[in-house]
Amino acid sequence: MIILKSPDEINKMRRSNMIVYEVLERLTEIAKPGVTGNDLDRIACEYILKQGATPTFIGYMDYPKSLCVSVNERVVHGIPDNRPLEAGDIVGIDCGVTCEGYVGDSARTIPIGEVSSEAKRLLTDTRAALFRGIAAVSEGNRIGDVGHGIGRRMHEPPQVPNFGRPGTGPRLKVGMVLAIEPMLNLGTSDVRILDDKWTVVTEDGKLSAHFEHSVALTPKGAWILSQP
């Protein structure tokens, strides 16, 4: 069942998502050569708790950290570790926050120092894909164009694969809140999951990028909850 949110519920989700935004802004400044995924995770967790919120990811299906940190060929769900970031890396940071019972969720991939022209284009194209998806969030369009539901839980119906077919699925209605998150690979779409049961990597070892916003469909159109 797709759960439609009231204006009050959407405003609560806005609060959660703005905490996520603040976390990602801080981490974008902090993520430099020599910084580790565990450093980023610690800083994020401390900030979230200070806001009176909780990190949604910790304990979700036994996930151990407050962030997903996915470097280079890691597509998504990378578990933060002690590997120092290096100049030329790209790092996807995905954050979820629960506040007043509602979840905020957003992600971005950032360059570490100077990166290759291929990596720059990958980041630009993935972010552009995100905003193409957001542009499709209007009443009467279909779920197949956009993302997955979000609300009191991090994943709610409807569920849509990243390669979902446009024009398919239920029609969008006012009150729907969707997390839209394209992931693009430089090589093929083939991926595999590491032994940690979480980290998804490209099969060919080529770079991958991930961007995400939580978006509410309101009577005035799409509202990106996870940016000012």
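Taken together, the values in this text are just the output of simple stated rules run on the coordinates, not laboratory data. If you're wondering where the values come from, they're calculated on a predicted model, not measured in any experiment. Note that we place each Cβ from the backbone using ideal geometry, even for glycine, and neighbour counts take in every protein chain shown.
Taking one equal scatterer on every alpha-carbon of the range 7-224, how large is log10 of I(q)/I(0) by Debye at q = 0.11, 0.16 1/Å? The Cα Debye sum returns log10 ratios of -0.51, -1.09.
Per-residue extension of 0.36 nm, minus the Cα-Cα distance of K220 and L49, leaves a gain of 58.3 nm for this segment. Helical runs assigned H by DSSP (4 residues or longer) give the chain a calculated mean residue ellipticity at 222 nm of -8500 deg cm²/dmol, each run adding -39500 (n - 2.57) before division by the residue total. For the peptides 194-200, 73-79, residues were scored by their other Cβ atoms within 10 Å and the scores averaged per peptide; the highest-first order is 73-79, 194-200. Each of R14, R108 was scored by other Cβ atoms within 10 Å of its Cβ. Arranged with the fewest first, they read R14, R108. If you filter the range 103-151 for GluC sites (Glu not before Pro), then keep DSSP loop positions with at most 15 other Cβ within 10 Å, what is left? Here the GluC sites (Glu not before Pro) that fit, given the DSSP loop and packing criteria, are E114, E139.
Note that the range 54-62 has calculated 3J(HN,Hα) couplings of 10, x, 5, 6, 4, x, 5, 6, 6 Hz, one per residue in order, obtained from phi through the Karplus relation 6.51 cos²θ - 1.76 cosθ + 1.60 (θ = phi - 60°); glycine and proline are x.
Taking all Cα pairs closer than 8 Å and separated by 6 or more residues, the relative contact order of the chain comes to 24 percent. Applied to the range 218-228, the Karplus parametrisation 6.51 cos²θ - 1.76 cosθ + 1.60 on θ = phi - 60° returns per-residue 3J(HN,Hα) values of 10, x, 8, x, 6, 10, 6, 6, 9, 8, x Hz, with x for Gly and Pro. For the range 152-228, the pair-distance distribution built from all alpha carbon pairs, in bins 10 Å wide starting at 0, is 15, 39, 30, 15, 1 percent. The share of alpha-carbon pairs in the range 74-188 lying farther apart than 18 Å comes to 57%. The angle between the Cα long axis of helix 117-135 and the main principal axis of the chain comes to about 10°, on a 0 to 90 degree scale. Of the beta bridges DSSP finds with both residues in the range 116-228, what % are antiparallel, to the nearest 5? Taking every DSSP beta bridge within the range 116-228, about 100 percent pair in antiparallel fashion.
Using Cβ point charges alone (K and R +1, D and E -1), the dipole size of the chain about the Cα centre works out to roughly 780 debye. Other residues whose C-beta falls under 15 angstrom from the C-beta of R192 contribute a net charge of -3, scoring Lys and Arg +1 and Asp and Glu -1. Using only Cα positions of the range 34-117, each an equal point scatterer, no hydration layer, compute I(q)/I(0) via Debye at q = 0.13, 0.27 Å⁻¹ and quote the log10 values to two decimals. With one equal scatterer per Cα and no solvent, log10 I(q)/I(0) is -0.41, -1.37.
Need one word for the range 71-132: rounded, prolate or oblate. Basis is the Cα gyration tensor (sqrt eigenvalues a ≥ b ≥ c); a/c below 1.5 gives rounded, then a/b vs b/c decides. Since a/c reaches 1.5 but b/c is at least a/b, the shape of the range 71-132 is classed as oblate. For K12, a cut-off of 25 angstrom between C-alpha atoms picks up these lysines, skipping any fewer than 8 places away in its own chain: K50, K65, K173, K220.
Each peptide in 88-98, 166-176 gets a packing score, the mean of other Cβ atoms within 10 Å over its residues, and the list from highest to lowest is 88-98, 166-176.
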